[in-house]
Each structure stands twice: as structure tokens, then as C-alpha cells.
Amino acid sequence: MAAAANGSRLAVEAGSQHAGSAAVAVFVAAGSRDERLREWGAAHLLEHLAFKGAGAFTIEALADRMDRLGGDVNAFTTREVTCYHAHCLAGDWDAAFELVWSLATAPHLEAEELQIALRHMLLTRRFDERMQRMQRQGRISFYMKSTGEEAV
């Protein structure tokens, strides 16, 4: 494991040289536990916004790189971390790493995209409040509050 001056740590684990595939991941030590109640869902929102463009990648270039890798590029947010990860052919690990590193460290957070996403989050919260009120009133039998995924 290596540490950078900014506190980032890089761990590399070599898999089987015969597997033919590689998995790369960048974990950011920020998750939902770091949010106050009024910020609930912000880490997950930022995770999704990264796929609108990051680093040298426009949204089109991101999609093209993901397609050319022919594997899987995704992300998830937990209480403790946000992770950007890819699974690809072993020979493409460096291109996959460049992509997930860009997603984690240099997302394009455009004001317009952020405003659209925040509007969607607010609409989802209003819908949640209405549905939960209807459940308490016995007008519907069951409703589970959204966790942020649906709003993005």
C-alpha cells in the first residue's frame, strides 16, 4: 500500500495471471454517515453526477470508454465509503483504472446538472412524505421510503 501527500492510499492486489480479467476500484472515505439529516442522499447524488463527466472525459467519452472496455463500470455508496469500480479484460486494467480514478477524483459538477438532480431529490422527498402520510392514515398498506437511488 502506498500513501500520497493528500492522504490518499493506493492498494494493489495482483490476481491470477491466468484469469484473463482484472478488477479495479477506487474507494473514497465518504459515505452517508458523513451527512447531516438535511444533506441525506448527497453522497449518493454526487456518485451519480460523476457519470455525467469526469477528468478528461465528457459524458460521451465516458460512455465510449465504458463500451470499449467491454466489461462493467459502476459505483456504489455505503455508510462508510463511495466506491467506483470496473471489471474488464486483464489487458485493459490501466484504461479501466484511469476511468474509475477520474470518476472518484475529478467529477464535472456542473451547476445545471446539480440543480436538476436536486430538483429530482426534492420531488422524491415530497412524494415520500405524501406516501408515508397515506400509510399512517391507512389509505395504503405499505410504503418504503426512497433511499436516494430513485431520485437520481
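The values are calculated or read from the model by the stated rules, or taken from the named source; none is laboratory data. The model shown is predicted, which means the values in this text are computed figures rather than measured ones. A quick note on method: Cβ atoms are made from the backbone with ideal geometry, for glycine too, and the neighbour counts reach across all protein chains shown. Accessible surface is based on the protein model in full, side chains and every heavy atom, while ligands, DNA and RNA are left aside. Shrake-Rupley method; radii C 1.70, N 1.55, O 1.52, S 1.80 Å.
Points to keep in mind about this one:
- For segment 60-152, carbon and sulfur atoms together expose 53% of the accessible surface, with a 1.4 angstrom probe and every protein chain in place.
- Extension gain, Ser21 to Leu122: 0.36 nm times the residue separation minus the Cα-Cα distance gives 32.3 nm.
- Between Gln132 and Gln115, the modelled label-to-label distance comes to 2.9 nm, taking each label 7 Å out from Cα in the direction of the beta carbon.
- Residue ranking by accessible heavy-atom surface, 1.4 Å probe, largest first, among Phe57, Phe27, Phe97 comes out as Phe27, Phe97, Phe57.
- Alpha-carbon centroids, segment 21-86 and segment 90-125: separation in whole Å: 6
- Length available on full extension from His87 to Trp40: 0.36 nm per residue minus the Cα-Cα distance, which gives 14.0 nm.
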